[in-house]
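Only the coordinates and a few stated rules stand behind these numbers; no lab work does. Just so we're clear, the structure is a prediction, and the values are computed from it rather than from any experiment. All Cβ positions, even for glycine, are placed from backbone atoms using ideal geometry, and neighbour counts span all protein chains on display.
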Amino acid sequence: MRKSSVPQGIGIFPHAQVKFVGLNWQRMAVTVEMQNTGDPGLQREVAATIEHALADRPGDWRVSIVGSQANDQWEMKIIGPNAFERSYTLEGSSGEHRPEMIRVLLGKLVPR
């Protein structure tokens, strides 16, 4: 059976990836929502890091990060296929708001 794929970022869905496997089309998407996290440049960088870290995982993934106005904590919630759900508090004072730290955490929290 011949496998082919459509590259990521085509059309109006720049973060969706579509793969053709045999006669079945499978959509794999990563959605990132961020609220109250401050710097828009950092938000874009964090979102891109999350999208890249989850792009090779099968199924649809949704990551929500909500910042607190009272402290430097961000609440990250990850929802994936097969009822996968994880929550984690990112501490800014520990450097966990940095994109590279979030990438490492995702690698530990999300199965391959």
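Descriptive notes on the structure:
- Pairwise FRET efficiency - residue 31 versus residue 98, Cβ, R0 = 22 Å, nearest 0.05: 0.55
- Length added when fully stretched, residue 84-residue 48, from 0.36 nm per residue minus Cα-Cα: 10.8 nm
- Largest-first principal axis extents of the Cα set of the stretch 28-109 (Å): 35, 23, 20
- Length-normalised contact order of the stretch 28-109 in % [C-alpha pairs under 8 Å, at least 6 apart]: 28
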